Amino acid sequence: MAEVLISHSVDETLALGEAFAARLRGGDIVALRGDLGSGKTHFVKGICRGLGSADSVSSPTFVFINEYHGEYHGKLTVYHVDLYRLDSEKQLTPLGLDDLSNSNSVVLVEWPDLAENLLKYHYIIHCEEQGDTMRQYTIEDRR
């Protein structure tokens, strides 16, 4: 059964992401689906904060992968992946996505559909804009 979370502000979205981070363990891969402006990157910022990262989190749209370092849950490395600008699975190969997941890392993938044949997502988060500031996050646990 999916869990539905509602946010009414950026601060609430950050708090939801931070609380979600407590579920994550090394090797987890999380897919974040949703349209532009649906709150995916803010949720990721909350996850990174929840894992103890003091790094400045931003969408890796042009570099494809950002790396952040957390201080909690075994000092996990967070790989924040954004596949928005890719159009084919062939473009995934040079990124080395299948090498990112290990017991010391968590992989968070925005626009994950292209990598579904390559990665096994442990969680899928559907992000939906519900108005100017309201967002809905539906979390599927696929473990």
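None of the figures in this text is laboratory data; all of them are computed from the coordinates on show. As the structure is a prediction and not an experimental result, all values here were calculated from the model. Positions of Cβ are backbone-derived with ideal geometry, glycine not excepted, and every protein chain shown enters the neighbour counts.
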* Sorted by average packing, counted as other Cβ atoms within 10 angstrom per residue and highest first, what order do 115-125, 58-68 take? -> 115-125, 58-68
* Asked: What FRET efficiency do you get for residue 84 and residue 143 if R0 is 25 Å and r is their Cβ-Cβ distance, rounded to the nearest 0.05?
  -> 0.45
* Asked: What share of the DSSP beta bridges in the chain is antiparallel, in percent to the nearest 5?
  -> 55 percent
* What ranking do 36-46, 83-93, 18-28 get when scored by the average of other Cβ atoms within 10 Å per residue, highest first? -> 36-46, 18-28, 83-93
* Structure fact -> Per-residue ellipticity at 222 nm attributable to helices in the chain (runs of n ≥ 4 DSSP H, -39500 (n - 2.57) apiece, nearest 500 deg cm²/dmol) works out to -5000 deg cm²/dmol
* Asked: What nm distance separates the two modelled labels at residue 134 and residue 55, each placed 7 Å from Cα along Cα→Cβ?
  -> 3.5 nm
* Asked: Can you give me the relative contact order of the stretch 3-141 as a percent, contacts being Cα pairs under 8 Å and 6 or more apart?
  -> 35 percent
